[in-house]
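Participant: This is the structure I have questions about; it appears just below.
The values are calculated or read from the model by the stated rules, or taken from the named source; none is laboratory data. It should be emphasised that the depicted structure is a prediction, and the values quoted were computed from it without experimental measurement. Cβ atoms come from the backbone with ideal geometry, glycine included; neighbour counts cover every protein chain shown.
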Amino acid sequence: MTTLKAVRGTRDLLPSETALWNRIEATARAVFARYNFGEIRTPIFEDTALFSRSVGEETDIVSKEMYTWEDRARAQSEKTQSLTLRPENTAGVVRAYIEHQLGETGLLQKLFYIGPQFRRERPQKGRYRQFSQIGAEVIGPPSAGSESPLRDAEVLEMLATFLDELGITGWILELNSVGSAADRARYNEVLRTALDLVVSGMCADCQRRAVTNPLRVLDCKVPADQPIIATLPVIADSLDEASRVHFAAVTAALDAAGVPYTLNHRLVRGLDYYTRTTFEFTHGGLGAQNALLGGGRYDGLSEAIGGPKAPGIGFAMGEDRLVLTLAALNQGAAPPQVDAFIAPLGESLNPAALTLARELRRAGLRIELGEGSFRLKKSFEAADKTARNIVILGEDELQSGILTVKTFATGAQTKVPRPELAVFLKQ
Ligand code: HAM
């Protein structure tokens with residue numbers, strides 16, 4: 001029989017790895033709470049139309065990377081429906097915002113999420129078919145201030161704070177504005193005209209994109225195309241006055257707060273819903289897939305999927321990439337150590353050992369329980385790998401109530417009365 005393995009592009013995370021994942025998630029929750037975000041959990045699959053209408057038919061994600069299936073009707077009352085594993089979470093959050101009429105509160109909604117996303121991409125370092133995102137969205141009616149450039153700056157400042165607190169040094173914030181829908185339409189025309197003259201010398205993908213979605217040409221990674229792309233007009237020159245003022249206000253607030261950034265005219269991002277501010281935080285330690293996170297403003301997304309006017313801005317971080325970066329910076333979590341390993345001297349002492357473990361665990365200690373059939377040497381070896389202390393439990397110790405504790409860091413052996421054991425082991 002062939003052995004079954006995890007599917008290509010998916011991975012198991014073992015306890016030695018999840019410790020770091022948990023630290024990242026705990027830091028995100030703590031930082032987001034200080035900015036008054038609440039958690040939202042949306043379903044892992046949605047109606048396919050949600051993604052085609054929001055992320056966009058022409059994007060790589062929708063045109064070739066989604067896990068989509070026809071869900072057959074099981075009863076007369078049900079219809080066959082096209083469903084898709086979510087490739088990202090912004091669309092689901094905005095759908096939930098509309099469905100639960102969160103705009104009716106008149107308040108800004110600040111929502112964060114942590115969870116798996118699915119894209120059928122070619123797997124490589126930092127790129128998986130099931131990956132985890134930590135993201136957040138700030139969305140609301142314009143009367144709640146959702147269109148303000150202060151929201152953009154606040155989100156970017158929060159990300160800088162999060163990465164700093166996590167211990168990721170050397171990040172770069174790349175910033176751009178893709179303008180309003182009208183600005184983008186104008187820029188698309190300017191770009192199409194410019195591309196007419198040069199596109200015949202570019203890669204096949206660019207030739208197709210020049211017709212279907214010229215903006216995507218700026219995402220091209222083919223080295224030979226780069227000098228040509230460098231000569232193309234930049235979007236900043238196609239922005240109208242309102243978009244220009246908005247972007248200037250974002251950068252002014254970042255300057256005031258001391259958040260460093262670099263402008264990148266080519267940062268148009270791979271999803272169609274963006275308007276105005278777009279950004280990525282990149283890191284040199286990641287190699288080809290260097291985006292730690294990406295995001296931007298999406299002022300027309302709610303209306304595009306049938307909702308009220310609800311401008312918003314958000315981001316998603318690739319959790320897998322945060323882990324890789326921390327590991328590269330030697331910031332991986334130290335292997336967790338339990339407070340004590342209890343070594344019963346003989347199988348008859350097993351029940352007493354369980355009782356002692358129960359007492360200590362209930363006092364809040366992390367305890368590993370050995371087995372009475374172990375020779376003492378084997379107990380010491382196991383304890384040395386996992387615990388800070390070993391507690392020997394023999395007949396004498398049980399009768400006298402005085403336990404022998406060896407502390408590995410110092411090599412010290414101490415006799416500790418049972419009522420004082422929890423306090424001693426916590427030191
Ligand atoms: P995105 O740029 O498609 O944006 O993804 C955000 C981040 O998810 C990327 O920067 C990367 O770190 C991570 N990521 C994407 N694909 C993969 C993959 N195959 N394997 C590992 N990590 C990956 C979005 O998803 C938008 N929803 C972000 C957003 C929220 N914009 C506004 N609000």
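Participant: Which of the residues that make up the stretch 319-335 are more than 9 Å from the ligand (Cβ to nearest atom), of a type in the set (A, V, I, L, M) and assigned to a helix (DSSP H, G or I)?
Facilitator: Across the stretch 319-335, the qualifying residues are V323, L324, L326, A327, A328.
Participant: For residues that are out of contact with any helix residue (DSSP H, G or I) (no Cβ under 8 Å at 6 or more places or on another chain) and either more than 8 Å from the ligand (Cβ to nearest atom) or not in a strand (DSSP E or B) (or both), tally how many sit in the stretch 270-297.
Facilitator: 6
Participant: Inside the stretch 86-108, can you point out the residues that are more than 10 Å from the ligand (Cβ to nearest atom) and touching a strand residue (DSSP E or B) at 6+ places or on another chain (Cβ under 9 Å)?
Facilitator: Within the stretch 86-108, R95, A96, Y97, L102, G103, L108 qualify.
Participant: Could I ask something else about it? Of these, K79, K110, which one is assigned by TED's automatic domain parsing to the domain that holds Y298 and under 22 Å from G294 (Cβ atoms)?
Facilitator: K110
Participant: Still on this structure, I have one more. Limited to the stretch 369-406, what total is found for residues that are acidic (D, E) and touching a Pro at 6+ places or on another chain (Cβ under 8 Å)?
Facilitator: Residues in the stretch 369-406 being acidic (D, E) and touching a Pro at 6+ places or on another chain (Cβ under 8 Å): 1 in total.
Participant: Quick one: which of L83, L111 is surrounded by 13 or more Cβ atoms within 10 Å (Cβ to Cβ), away from the ligand (no atom under 13 Å from the Cβ) and either touching a residue at least 24 places away in the same chain (Cβ under 8 Å) or under 21 Å from M317 (Cα atoms) (or both)?
Facilitator: On the way: L111 fails: away from the ligand (no atom under 13 Å from the Cβ).
The match here is L83.
Participant: Also: Mind listing just one residue for me: the one in the stretch 1-25 that is more than 17 Å from the chain's Cα centre (by Cα) and among the charged types (D, E, K, R) and, of those, surrounded by the most Cβ atoms within 10 Å (Cβ to Cβ)?
Facilitator: In the first step, residues of the stretch 1-25 are kept if they are more than 17 Å from the chain's Cα centre (by Cα); the result is 1-8, 14-16.
Filter once more, keeping what is among the charged types (D, E, K, R): 5, 8.
On the way: K5: 8, R8: 10.
Checking each candidate, the answer is R8.
Participant: In this structure, is G332 closer than 30 Å to K406 by Cα, surrounded by fewer than 18 Cβ atoms within 10 Å (Cβ to Cβ) and at pLDDT 95 or above?
Facilitator: no
Participant: Can you pull out every residue in the stretch 382-402 that is out of contact with any Lys or Arg (no Cβ under 6 Å at 6 or more places or on another chain) and either closer than 16 Å to G372 by Cα or not assigned by TED's automatic domain parsing to the domain that holds L369 (or both)? Explain how you work it out, then say what you get.
Facilitator: Looking only at the stretch 382-402, we keep the residues that are out of contact with any Lys or Arg (no Cβ under 6 Å at 6 or more places or on another chain), and these are 382-389, 391-400.
Once the filter is applied, which keeps residues that are out of contact with any Lys or Arg (no Cβ under 6 Å at 6 or more places or on another chain) and either closer than 16 Å to G372 by Cα or not assigned by TED's automatic domain parsing to the domain that holds L369 (or both), the stretch 382-402 yields A382, A383, V391, I392, L393, G394, E395, D396, E397, L398.
Participant: Look through R95, R151, R119, R129 and report the one residue that is free of Cβ contacts under 8 Å to residues at least 60 places away in the same chain and buried (at least 17 other Cβ atoms within 10 Å of the Cβ).
Facilitator: Working: R95 fails: free of Cβ contacts under 8 Å to residues at least 60 places away in the same chain; R151 fails: free of Cβ contacts under 8 Å to residues at least 60 places away in the same chain; R129 fails: free of Cβ contacts under 8 Å to residues at least 60 places away in the same chain.
The conditions single out R119.
Okay, residues lined up against (1) under 26 Å from N89 (Cα atoms); (2) within 16 Å of the ligand (Cβ to nearest atom); (3) not in a helix (DSSP H, G or I):
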{"residue": "G135", "(1), (2), (3)": "yes, yes, yes"}
{"residue": "E147", "(1), (2), (3)": "yes, yes, yes"}
{"residue": "R151", "(1), (2), (3)": "yes, yes, no"}
{"residue": "V155", "(1), (2), (3)": "yes, yes, no"}
{"residue": "E174", "(1), (2), (3)": "yes, yes, yes"}
{"residue": "R186", "(1), (2), (3)": "no, no, no"}
{"residue": "L191", "(1), (2), (3)": "no, no, no"}
{"residue": "V198", "(1), (2), (3)": "no, no, no"}
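Participant: Across the stretch 53-69, what is the number of residues that are more than 15 Å from the ligand (Cβ to nearest atom) and outside any loop (DSSP other than H, G, I, E, B)?
Facilitator: Result for the stretch 53-69: 2.
Participant: Let me confirm something: among G346, G287, G300, G314, which residue is in contact (Cβ under 8 Å) with a residue 24 or more places away in the chain, at positive phi and touching a strand residue (DSSP E or B) at 6+ places or on another chain (Cβ under 9 Å)?
Facilitator: Result of the check over G346, G287, G300, G314: G287.
Participant: Report yes if A316 is away from the ligand (no atom under 11 Å from the Cβ) and of a type in the set (G, A, S), otherwise no.
Facilitator: For A316, the condition - away from the ligand (no atom under 11 Å from the Cβ) and of a type in the set (G, A, S) - is not met.
Participant: Restricted to the stretch 223-282, and to residues that are of a type in the set (K, R) and at pLDDT 95 or above, which residue is surrounded by the fewest Cβ atoms within 10 Å (Cβ to Cβ)?
Facilitator: Looking at residues that are of a type in the set (K, R) and at pLDDT 95 or above, I get R244.
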